[in-house]
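Just below is one structure, and these are the notes that go with it.
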Amino acid sequence: MSSVMIPHSDAIYYHIAKKSLEKAKELSKEKVETIGGLHKEKMENVAVALVFSALCLEAFINQAYYNSTREELEKEPKKKIEDKWLSLPKLLGYSETFDIGKQPYQTFNELIYIRNNRMIHPKPKCEKVVTKIINPARDRSPEELGRLVRETTELFVDLHKEPSHKKKYLLFFLDDIKLCDKYFLCIEKMIRELSRLTDNEVPIPIFLEKEIYETFIA
């Protein structure tokens, strides 16, 4: 019997995110010249890690959803990623699903919001208050500009009383290793919780433990 190797996009995205996060952590330890206190190459790697963490979660649930509820997916081909994670356990006949008010779903929901609304489809008005204050200060040093941006952004967040993932200045997401680490770890937590909710009917993938990109199908 012959077999073929099928590339799994979720595994590829997982390891891209993992390697980018590891690189960002390495760069954060280096003493390099920064712009306003922000390390350019580190931010680039954090951006990659954030986007591909979200892509991994989306690719995984799309495949699990298709494998388990193909007819349901054909009825609603444009179902949101959040709805797929929430509905799959019940579609498989289980009474319990993710608690949207608890972890890991809350972190997952934040990550998807950041990917969709702050990175892929950014809204300039989110940075408007900072831009108005920073632009006239052309004679300031990079360090002063960095401090002013941080102070202004914190004020902006407080005044609007919104969750920070909705109002925090985008560059600060890309400079925050701990936050990126939290979102990356959310991948495994969401997958393991889905597996628990479905009594392992949705199995835990091997790519969480090994650098595997493909699977053999007879």
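The values are calculated or read from the model by the stated rules, or taken from the named source; none is laboratory data. Everything quoted here is computed from the prediction, not taken from an experiment. Please note: Cβ atoms are built from the backbone with ideal geometry, for glycine as well, and neighbour counts cover all protein chains shown. Areas reflect the complete protein model, heavy atoms only, side chains present, ligands, DNA and RNA absent. Shrake-Rupley method; radii C 1.70, N 1.55, O 1.52, S 1.80 Å.
Tabulated results
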| item | result |
| --- | --- |
| Filter result for residue 113 (open to solvent by 40 Å² or more (accessible area, probe 1.4 Å), out of contact with any Leu (no Cβ under 6 Å at 6 or more places or on another chain) and at pLDDT below 80) | no |
| Number of positions in the range 1-50 that are open to solvent by 20 Å² or more (accessible area, probe 1.4 Å), modelled with pLDDT of 95 or more, out of contact with any Phe, Trp or Tyr (no Cβ under 9 Å at 6 or more places or on another chain) and among the aliphatic types (A, V, I, L, M) | 1 |
| Residues satisfying the stated conditions in the range 90-104, i.e. open to solvent by less than 60 Å² (accessible area, probe 1.4 Å), modelled with pLDDT of 95 or more and out of contact with any Lys or Arg (no Cβ under 9 Å at 6 or more places or on another chain) | 98, 101 |
| Residue check, residue 66 modelled with pLDDT under 95, open to solvent by 50 Å² or more (accessible area, probe 1.4 Å) and within 20 Å of residue 203 (Cα to Cα) | yes |
